[in-house]
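Comments concern the structure below.
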Amino acid sequence: MRFIWFGLGRFGLPMAKNLIDRGHDILVPTNGAHGAAAAREALAWGARPTEPATAVDGWLTCLPRPEDVREVLASIDRSQTSLVVDFSTGHPTGARDIASWLHDRDIRYVDSPVSGSPAQAAEGSLTTWAGAPEPERGSVIRGLLEDVAANIFYMGTVGTGSAMKLVNQVVHITNIAALGDGLALARALGVDEQLAVASMQTSSADSAMLRRFGPAIVAHDFSPRFALKLASKDVRFATAEAAQHDVQLDLLRLVADRLMKLEAEGYGESDFSVLASSLAQEA
C-alpha cells in the first residue's frame, strides 16, 4: 500500500522504516516541517518524496500535539485519499473534532495512538488502540495496523483510541511518580538506590516502568526518550477530560504539580523519568 507519512520523530521514523521494510510505499514531506530533518534518513531507507496531488491509500500522522495534526491535514483533499490514521497521542474531544472536520470532506479519520518503545516501533510490535470497530480482513486499516502493532485493540468509535491512550498515560506516568516516592524513602532510610531497584524488580513492586526506567533513574540518566513536556501535555489532556466528566483524579493532580514545577525549572526536554529523581522533590 502507499501512504503519506507525517512525523519522523522518535517513534515516527522507526514506524515508517518498518512499513518500508514490509513492502509499503512511504512518501514523506521534505519541506522542513514536522520531522523533515529526519526525511533524509527515511529517504535513504527507501521512502520517496511526496508529490503534488499524489493519490494514496491513506495519510498517516505521528505528531506531538493535535494542533500539529490539524496543521498537516489542512491541505488534504478527497482526490488524494479517503483515510487518515492518526498514531499521535491526543485526546478524545480533539479526535472527534478532527473526525467531524474531515467527515465534511468525505474523509474517514481513525485515532490509533501507539505505546511501546522505538525498538518495538522498528519491528512492528507496538500496542495500539484504534478508535474504530474491528475492520474486515483485507481492509487497508486492518492491514496497516497489523504491520504496525503486535497488540491491536479496536475500541469501537472515534475518540475511544485516544481515550484509552490517556488512561494508559495516567497509569504510566503516575507509576513513575510512585517510584520516585519510593526512592526518596530509600534515600532517607539509608537504603542503596541501585539495590532498591534491583530487589523491587523481583518483588510485588515490579512493573514494566520499573524495569525500563529504574536503572537509568538511579544512574541519573535523563537523556530524552519521552520528553517531560510531552508527559505534562498528556497529563493536562487527561485532567481536562476528567473534569468534563466530573471525575476526581487526586493522584494525577499531585503528579501534574510536580511536572509543572520541573518544566518551570527547565527540565521540559529531559526524559519524563526525571519525575522519579530527587529533583522532583526539590522542584
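The values are calculated or read from the model by the stated rules, or taken from the named source; none is laboratory data. As the structure is a prediction and not an experimental result, all values here were calculated from the model. Reconstructed Cβ throughout: ideal geometry from the backbone, glycine too, with neighbour counts over all protein chains shown.
As a summary of the residue check, R78 satisfies the conditions (1) in contact with an Asp or Glu (Cβ under 6 Å, 6 or more places away or on another chain); (2) modelled with pLDDT of 95 or more except for the one numbered (2).
Say whether the condition of being within 23 Å of F11 (Cβ to Cβ), in a loop (DSSP other than H, G, I, E, B) and not assigned by TED's automatic domain parsing to the domain that holds R10 is met by at least one residue in segment 234-248. No, segment 234-248 contains no residue that is within 23 Å of F11 (Cβ to Cβ), in a loop (DSSP other than H, G, I, E, B) and not assigned by TED's automatic domain parsing to the domain that holds R10.
Residues are listed down the side, and each one gets a yes or a no for (1) assigned by TED's automatic domain parsing to the domain that holds G94; (2) in contact (Cβ under 8 Å) with a residue 12 or more places away in the chain; (3) surrounded by fewer than 19 Cβ atoms within 10 Å (Cβ to Cβ):
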position	(1), (2), (3)
S139	yes, no, yes
L145	yes, yes, no
N168	no, yes, yes
V171	no, no, yes
N175	no, yes, yes
L183	no, yes, no
L189	no, no, yes
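Can you pull out the residues in segment 34-69 that are out of contact with any Leu (no Cβ under 7 Å at 6 or more places or on another chain), part of a loop (DSSP other than H, G, I, E, B) and of a type in the set (G, A, S)? Residues satisfying the conditions are G46, A53, A55. On the stretch given as segment 182-234, residues that are under 25 Å from Q169 (Cβ atoms) and among the acidic types (D, E) total 3. Starting from residues that are exposed (fewer than 14 other Cβ atoms within 10 Å of the Cβ) and within 23 Å of the chain's Cα centre (by Cα), keep the ones in segment 234-250 and report whichever is nearest to S270 (Cα to Cα). For segment 234-250, the residue satisfying everything is A240. Report the residue count in segment 115-152 for those that are outside any loop (DSSP other than H, G, I, E, B) and farther than 22 Å from L230 by Cβ. Looking only at that region, the number is 11.
Checked against the criterion of being within 19 Å of the chain's Cα centre (by Cα), buried (at least 16 other Cβ atoms within 10 Å of the Cβ), of a type in the set (S, T, N, Q) and not assigned by TED's automatic domain parsing to the domain that holds R10, segment 220-233 has at least one qualifying residue.
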